[in-house]
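For reference, the structure discussed in these notes is given below.
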Amino acid sequence: MASSSTVSKYSPRIYEEGRSPLQNRSMNHNCYLSKIGKMKEGLGLDVWRKLKESSLGVFIKLAEVSYTWSPAKVHYILTHQLAVNNSHESENIDVDHHAFWREMEIETTSDGPKYTELENVMDFSKTWSKEKRMMVGRLILLSVAIHGIHHGSRIPLPSAKRVFDPNGFEKHPWGRVAFTCLVNSVKIVDLDKDSYTVQGCVHALLIWLYESVPGIGKLYGLRRSTRTGIPLLDWQSTQKGIKMNELIEDEYSKHGQVRVKHMVHVSEDHMYPEWSDDEENKDPALDKLINDIVHDCLPSDVWRVDKTVSMGRKKTKS
């Protein structure tokens, strides 16, 4: 990669190399694919097949295939993250949900259901119409795959109410919601505890690592022989720990550099997601980083000298 004569100011690492408070923590998550698998019997094969064809069908397919979750690799990513300030908001939907919540025997109508409540619904909803069972299935996918929350936590009401509009649900940018949940969760990890929990679709972080660093993908990712074109479904994964020093030496020996795919190559006009952000929600250092990656002028030693950075938390509208 081309070098720059002047070191540009990019987002720094949050922690110095080897000094992250997360370094010796254990990682937890709530995006268990086994929870999704319970829908096949709980809601019926007709609902399972229909959801498989829906906008969230990728999670149904992932639950069906052989796949190994590897927290150690995701833990490595989190201990080497950059300090970036950016936030996003989405509009709410106005619909009366109270009657259906009571029918599902949800304890409250002021928020969305818990996964544990939806498990109970599967036990007594087998004679419900396909449309209602689809609504329950979508709620389960929101809890497990999109928000990735604890089984005793409630789905945010704005997300839960979208199941009342099937067509709108299919068109909603759930990938953006899942990404925002994941990133926000990473940024507010409680460092004072012996373990930490990441919400959202943590599997996306693991697959992103395999896709972005070909050397890691080749050695540890176990790419499937038949590809679907959907990265989340194209890797079987392994739990083998990354030997980073050996990987770097091997990459330099064979390729003269550590190969990294920074991003999907698109035109500069379409470089950013079309999120309606105000200027105050943008991070100039991140903007500079993206631009220099696109124009191939990112210095290779820009993060060699690292300092711990204090991350201020922004308040977001609910």
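The values are calculated or read from the model by the stated rules, or taken from the named source; none is laboratory data. None of the values given here were measured: they were computed from a predicted structure. We place every Cβ from the backbone using ideal geometry, glycine too, and count neighbours over all the protein chains shown.
Key figures
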quantity: Qualifying residue in the stretch 149-160 (condition: modelled with pLDDT under 90, touching a Pro at 6+ places or on another chain (Cβ under 9 Å) and outside any loop (DSSP other than H, G, I, E, B)); calculated: no
quantity: Close pairs (9 angstrom Cβ cut-off, 6 or more residues apart or separate chains): closer than 14 Å to LYS35 by Cβ and modelled with pLDDT of 95 or more in the stretch 105-133, part of a loop (DSSP other than H, G, I, E, B) and hydroxyl-bearing (Ser, Thr, Tyr) anywhere; calculated: LYS114/SER153; TYR115/SER153
quantity: Residue among THR228, THR180, THR238 that alone is closer than 23 Å to PRO113 by Cα and among the hydroxyl-bearing types (Ser, Thr, Tyr); calculated: THR180
quantity: Residues of the stretch 31-54 classified as among the polar types (S, T, N, Q) and touching a helix residue (DSSP H, G or I) at 6+ places or on another chain (Cβ under 7 Å), total; calculated: 1
quantity: Tally, over the stretch 176-195, of residues that are of a type in the set (Lys, Arg) and not in a loop (DSSP other than H, G, I, E, B); calculated: 2
quantity: Every residue from the stretch 207-261 that is acidic (Asp, Glu), at pLDDT below 90 and in a loop (DSSP other than H, G, I, E, B); calculated: none
quantity: Some residue of the stretch 79-92 being modelled with pLDDT of 75 or more and surrounded by fewer than 18 Cβ atoms within 10 Å (Cβ to Cβ); calculated: no
quantity: Qualifying positions in the stretch 37-78 - among the hydroxyl-bearing types (Ser, Thr, Tyr) and either modelled with pLDDT of 95 or more or within 26 Å of GLU170 (Cα to Cα) (or both); calculated: SER54, SER55, TYR67
quantity: Some residue of the stretch 207-214 being among the hydroxyl-bearing types (Ser, Thr, Tyr), more than 21 Å from LYS261 (Cβ to Cβ) and touching an Asp or Glu at 6+ places or on another chain (Cβ under 9 Å); calculated: no
quantity: Neighbours by Cβ (under 9 Å, 6+ apart or cross-chain): first from the stretch 150-177, closer than 11 Å to SER54 by Cβ and loosely packed, with under 15 Cβ neighbours inside 10 Å; second modelled with pLDDT of 95 or more and charged (D, E, K, R); calculated: PRO166/GLU131; PRO166/ARG138
quantity: Condition check for GLU170: in contact with a Lys or Arg (Cβ under 9 Å, 6 or more places away or on another chain), in a helix (DSSP H, G or I), among the acidic types (Asp, Glu) and farther than 14 Å from MET27 by Cα; calculated: no
quantity: Residues satisfying the stated conditions in the stretch 1-17, i.e. out of contact with any helix residue (DSSP H, G or I) (no Cβ under 7 Å at 6 or more places or on another chain), in a loop (DSSP other than H, G, I, E, B) and at pLDDT 60 or above; calculated: PRO12, ILE14, TYR15, GLU16, GLU17
